[in-house]
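*Asks:* Got a structure here, written out as structure tokens. Questions coming.
The values are calculated or read from the model by the stated rules, or taken from the named source; none is laboratory data. Everything quoted here is computed from the prediction, not taken from an experiment. Because the Cβ atoms are built from the backbone with ideal geometry, glycine has one as well, and the counts that use them run over all protein chains shown.
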Amino acid sequence: MSQPLTMIRPDDWHLHLRDGPVLTTTVGHSAKQFARAIIMPNLKKPVTTTELAMAYRDRILAAIPDGLAFSPLMTLYLTDDTSIEEIKRAGNSKHIVALKLYPAGATTNSSSGVSDIECTYSILEEMIEFNMPLLIHGEVTDPSIDIFDREKIFIERHLEPLTRRYPELKIVLEHITTHDAVAYVEEGNSTLAATITPHHLLLNRNAMLVGGIHPHHYCLPVLKRERHRQALVKAATGGNPRFFLGTDSAPHEIASKESGCGCAGIYSAHAALELYTEIFEAAVASFHGADFYGLPRNKETISLVKRPWVSPESYQFGEEGTVRPFRAGEALDWTLYANLHRTIQ
Ligand SMILES: [Zn+2]
């Protein structure tokens with residue numbers, strides 16, 4: 001067995017836990033891997049108020065397995081109707097750390113999203129007062145724009161004017177997928193950062209489309225060309241403090257993935273660190289996310305060892321459903337110490 005790799009326990013800066021009975025699975029997996037996570041607010045009924053976020057937080061806390069410490073960092077879903085009073089309430093709550101902007105219709109449960117960013121200017125100004133980051137799903141929803149170009153065009157049409165108007169607003173461009181996004185963040189000022197998922201680091205669009213259509217590799221933003229993947233790996237491993245880990249682990253019940261109109265999202269929470277470690281081999285953990293959000297750095301450590309295990313074909317997902325995880329039935333090179341029992345000998 002190789003030398004174990006020990007690192008400060010990381011945080012997941014972009015996570016979908018969903019709601020209801022499936023929290024047993026999703027919270028259990030993430031709590032084993034991460035100290036904290038930014039919890040996305042796109043539930044079927046979006047988390048638009050501090051009150052809803054605090055109730056959701058209680059349901060998450062109740063699902064943490066005994067003996068594990070995990071802090072959900074809550075976010076609110078920005079809509080056309082979000083009020084300044086709501087931003088004040090969120091800003092004064094120590095458990096709500098950011099707002100999420102979905103262009104209306106961009107991804108799963110985003111129909112309540114913002115129809116025009118310009119309509120949110122007064123809200124953004126209030127967020128600046130509280131130093132609250134705006135987390136952005138950066139894709140245009142214009143049906144005339146090719147799906148592979150939607151991130152690039154979003155940057156040109158919406159992000160560039162926004163960062164120019166509000167240079168002091170902290171922005172996280174979530175789950176970036178293109179070299180255009182990497183370049184834009186690299187050239188941006190210190191208030192602009194980005195998260196990168198394990199699947200966008202490990203896969204290009206061939207994984208979704210070659211040899212048949214692979215619905216379990218369908219996500220949004222959609223996988224891109226190999227040269228974009230390479231730009232992401234370079235950004236993730238390059239040490240720039242404005243790129244950090246965000247799994248965007250986004251489970252769907254298996255039947256809604258394997259369907260004539262399959263849902264977007266890849267479930268990676270069961271093995272997030274093992275997957276990232278394949279890319280990094282060292283120094284997966286970083287303080288970049290905590291520093292950007294202005295949160296304390298974690299102190300406890302977590303270890304992985306280079307020892308293969310086979311990811312299960314599925315996990316229970318709610319009372320009757322199942323979810324098929326990333327790399328289902330395939331071997332992964334790294335194993336979390338906490339998971340050594342599942343290692344194949
Ligand atoms: Zn997401």
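*Asks:* Could you give me the residue pairs with C-beta distances under 7 Å whose first residue belongs to the range 1-30 and is over 25 Å from Ala236 (Cα atoms) and in a loop (DSSP other than H, G, I, E, B), whose second residue is β-branched (Val, Ile, Thr) and within 16 Å of the ligand (Cβ to nearest atom) wherever it lies, and which are 6+ apart or on separate chains?
*Replies:* Arg18/Thr26
*Asks:* Output yes when any residue across the range 163-186 is modelled with pLDDT of 95 or more, basic (Lys, Arg) and closer than 24 Å to Leu304 by Cβ, and no when none is.
*Replies:* The answer is no, given that none of the residues of the range 163-186 is modelled with pLDDT of 95 or more, basic (Lys, Arg) and closer than 24 Å to Leu304 by Cβ.
*Asks:* Going by the conditions given, is Thr75 within 16 Å of the ligand (Cβ to nearest atom), within 24 Å of Asn92 (Cα to Cα), of a type in the set (Ser, Thr, Tyr) and within 16 Å of the chain's Cα centre (by Cα)?
*Replies:* Criteria met by Thr75.
*Asks:* I need the full set of residues from the range 242-275 which are of a type in the set (Ser, Thr, Tyr), in a loop (DSSP other than H, G, I, E, B) and buried (at least 24 other Cβ atoms within 10 Å of the Cβ), in order please.
*Replies:* The answer is Thr247, Tyr267, Ser268.
A quick yes/no check of all residues on (1) surrounded by 18 or more Cβ atoms within 10 Å (Cβ to Cβ); (2) away from the ligand (no atom under 16 Å from the Cβ):
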site: Leu5; (1), (2): yes, yes
site: Pro21; (1), (2): no, yes
site: Ala35; (1), (2): yes, yes
site: Ile39; (1), (2): yes, no
site: Ala53; (1), (2): yes, yes
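*Asks:* Within the range 216-253, can you find the residues that are among the hydrophobic types (A, V, I, L, M, F, W, C), away from the ligand (no atom under 16 Å from the Cβ), out of contact with any His (no Cβ under 8 Å at 6 or more places or on another chain) and closer than 21 Å to Arg150 by Cβ?
*Replies:* Ala235
*Asks:* Can you pull out the residues in the range 172-191 that are farther than 15 Å from Lys234 by Cβ and either within 16 Å of the ligand (Cβ to nearest atom) or crowded, with 21+ Cβ neighbours inside 10 Å (or both)?
*Replies:* Passing the criteria: Val172, Leu173, Glu174, His175.
*Asks:* State which residue pairs qualify: first residue in contact (Cβ under 8 Å) with a residue 12 or more places away in the chain and closer than 24 Å to Tyr102 by Cβ and inside the range 218-239, second residue of a type in the set (Asp, Glu) and within 16 Å of the ligand (Cβ to nearest atom) in any location, beta carbons under 8 Å apart, and separation of 6 or more residues or different chains.
*Replies:* The qualifying pairs are Cys219/Asp248; Leu220/Glu139; Pro221/Glu139; Pro221/Glu151.
*Asks:* Identify, please: which residue in the range 86-108 is farther than 18 Å from Arg150 by Cβ and assigned to a loop (DSSP other than H, G, I, E, B) and is, among those, farthest from the ligand (Cβ to nearest atom)?
*Replies:* Step by step, filter the range 86-108, then rank; the result is Lys94.
*Asks:* I've got another one for you. Would you check if Leu304 is touching a strand residue (DSSP E or B) at 6+ places or on another chain (Cβ under 7 Å) and either under 16 Å from Ile196 (Cβ atoms) or among the acidic types (Asp, Glu) (or both)? Give the steps one after another, and end with the answer.
*Replies:* Numbers: touching a strand residue (DSSP E or B) at 6+ places or on another chain (Cβ under 7 Å): yes; either under 16 Å from Ile196 (Cβ atoms) or among the acidic types (Asp, Glu) (or both): no.
Criteria not met by Leu304.
*Asks:* Okay, moving on. Identify all residues within the range 112-168 that are away from the ligand (no atom under 16 Å from the Cβ), part of a loop (DSSP other than H, G, I, E, B) and either touching a Leu at 6+ places or on another chain (Cβ under 8 Å) or among the acidic types (Asp, Glu) (or both); write none if there are none.
*Replies:* In the first step, residues of the range 112-168 are kept if they are away from the ligand (no atom under 16 Å from the Cβ); the result is 115-132, 140, 142-149, 152-153, 155-168.
Those left that are additionally part of a loop (DSSP other than H, G, I, E, B): 115-116, 131-132, 140, 142-146, 166-168.
If the condition is that a residue be away from the ligand (no atom under 16 Å from the Cβ), part of a loop (DSSP other than H, G, I, E, B) and either touching a Leu at 6+ places or on another chain (Cβ under 8 Å) or among the acidic types (Asp, Glu) (or both), then Asp116, Met132, Asp142, Asp146, Tyr166, Glu168 are the ones that fit.
*Asks:* Quick check: is even one residue across the range 213-223 on the phi < 0 side of the Ramachandran plot, exposed (fewer than 15 other Cβ atoms within 10 Å of the Cβ) and not in a loop (DSSP other than H, G, I, E, B)? Spell out how you get there, then give the answer.
*Replies:* In the first step, residues of the range 213-223 are kept if they are on the phi < 0 side of the Ramachandran plot; the result is 213-223.
Remaining after also requiring exposed (fewer than 15 other Cβ atoms within 10 Å of the Cβ): 213.
Of the ones still in play, those that are also not in a loop (DSSP other than H, G, I, E, B) are none.
Checked against the condition, which is being on the phi < 0 side of the Ramachandran plot, exposed (fewer than 15 other Cβ atoms within 10 Å of the Cβ) and not in a loop (DSSP other than H, G, I, E, B), the range 213-223 yields no hits at all.
*Asks:* Do we find a residue being under 21 Å from the mean Cα position of the chain (by Cα) and surrounded by fewer than 20 Cβ atoms within 10 Å (Cβ to Cβ) anywhere in the range 119-128?
*Replies:* No, because not a single residue in the range 119-128 is under 21 Å from the mean Cα position of the chain (by Cα) and surrounded by fewer than 20 Cβ atoms within 10 Å (Cβ to Cβ).
*Asks:* Which of (1) out of contact with any Lys or Arg (no Cβ under 9 Å at 6 or more places or on another chain); (2) part of a helix (DSSP H, G or I) does Gly239 not meet, given it meets every other one?
*Replies:* That leaves (2) as the condition not met.
*Asks:* Additional query: Within the set of pairs 6 or more residues apart or between chains, which connect a residue that is in contact (Cβ under 8 Å) with a residue 24 or more places away in the chain and under 21 Å from Glu156 (Cβ atoms) inside the range 184-209 to a residue that is in a helix (DSSP H, G or I) and of a type in the set (A, V, I, L, M) with Cβ atoms less than 6 Å apart?
*Replies:* Short answer, once both residue conditions are applied: Tyr184/Ile155; Leu192/Val185; Ala194/Val185; Ile196/Leu232; Ile196/Ala236; His200/Leu232.
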